[in-house]
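Student: Take a look at the following structure, please.
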Amino acid sequence: MSYYTGSTGEISALWRPVADVETIDRPKSQARLVAPGSTTQGQFGLFEWNMKPRSGGPGAHFHKTFSESFYVISGTVRLFNGEKWVEAGAGDFLYVPEGGIHAFRNDGDEAASMLILFAPGAPREEYFRELAEIGDSGRQLSAEEWTELYARHDQYMVDQT
């Protein structure tokens, strides 16, 4: 763990106006990369995740090198805590430590929004950019290519059956 060892403080805060925040728009969701690890010196990553009605979400998975937390801002988000699906509304929170199985989705008729916090600040933006590029190009990946892509981005899919 690092900490500040000086005695006078320093000018080091980073302000990012909304216009400077990268957005990855997809047909069913939008990721706003509020504070990727590249801007927080790898300490954490913070994304705003906006989902259209009935947009679904990723299947159950886990990460080996970072924790992930979800804070619902609006709407209803279904969160999988590794054991069961829970209906989460505005103000609800789910923490998933490294290795914890989880998933999220919007199955409702209303839009939903949440904050996703990664700690430490894994470069998740690269994963989402690559998924967007695959979707935009229409490229089809084999099962082996998906497995390689997921492993490269510390994403390990889990069969829920």
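Student: From largest accessible area down, sort Thr8, Thr39; use a 1.4 Å probe on the protein chains. Spell out each step's value before the answer.
Tutor: Values: Thr8 125, Thr39 45 Å².
Solvent-accessible surface, decreasing: Thr8, Thr39.
Student: Which cross-chain or sequence-distant (5 or more) residues have an amide H under 5 Å from the amide H of Ala88, H modelled 1.01 Å from N in plane?
Tutor: HN-HN under 5 Å from Ala88: Val77, Arg78, Leu79.
Student: Over the Cα atoms of segment 1-93, each weighted equally, I'd like the Debye log10 I(q)/I(0) at q = 0.12, 0.18 Å⁻¹, rounded to two decimals.
Tutor: -0.54, -1.04
Student: Name the lysines eligible as straight-distance cross-link partners of Lys28: C-alpha to C-alpha under 23 Å, and not fewer than 8 places from it in the same chain.
Tutor: The qualifying lysines are Lys52.
Student: Moving on to the next point. Which angle from 0 to 90°, rounded to the nearest 10, does the C-alpha axis of helix 124-137 make with the longest principal axis of the chain?
Tutor: 40
Student: Okay, next question. The chain: percent of C-alpha pairs farther apart than 27 Å? Before the final figure, lay out each step's value.
Tutor: Numbers: 3371 of 12880 pairs.
The answer is 26 percent, as a whole percent.
Student: Keeping all protein chains in the complex and leaving out DNA, RNA and ligands, what accessible area do you get for Glu87 with a 1.4 Å probe, in Å² to the nearest 10?
Tutor: Its accessible surface works out to 120 Å², give or take rounding.
Student: Roll a 1.4 Å probe over the protein heavy atoms and report the accessible area of Leu14 in Å², nearest 10.
Tutor: Near enough 110 Å² of accessible area.
Student: So if a site counts as exposed when it's one of the trypsin sites (Lys or Arg not before Pro), its DSSP state isn't H, G, I, E or B, and it has at most 11 other Cβ atoms within 10 Å, what's the longest stretch of the chain without one? List each step's numbers first, then the result.
Tutor: Values: sites that count: Lys64, Lys84, Arg139.
Counting only loop sites that pass the neighbour cut-off, the longest clear stretch is 1-63.
Student: Go through Tyr3, Tyr150 and list them by solvent-accessible area, largest first, probe radius 1.4 Å. Working shown, then result.
Tutor: Details: Tyr3 175, Tyr150 50 Å².
Result of the area sort, largest leading: Tyr3, Tyr150.
Student: When the convex hull of the C-alpha atoms of segment 74-159 is computed, what volume per residue in Å³ does it have? Display every interim value, and only then the final one.
Tutor: Values: hull volume 11.1 nm³, N = 86.
Expressed per residue, the convex hull around the Cα atoms of segment 74-159 is 129 Å³.
The values are calculated or read from the model by the stated rules, or taken from the named source; none is laboratory data. A quick note: this is a predicted structure, and the numbers were derived from the prediction, not measured. Neighbour counts run over all protein chains shown; Cβ positions are idealised from the backbone, glycine included. What goes into the accessible areas is simple: the full protein's heavy atoms, side chains included, and nothing from ligands, DNA or RNA. Shrake-Rupley method; radii C 1.70, N 1.55, O 1.52, S 1.80 Å.
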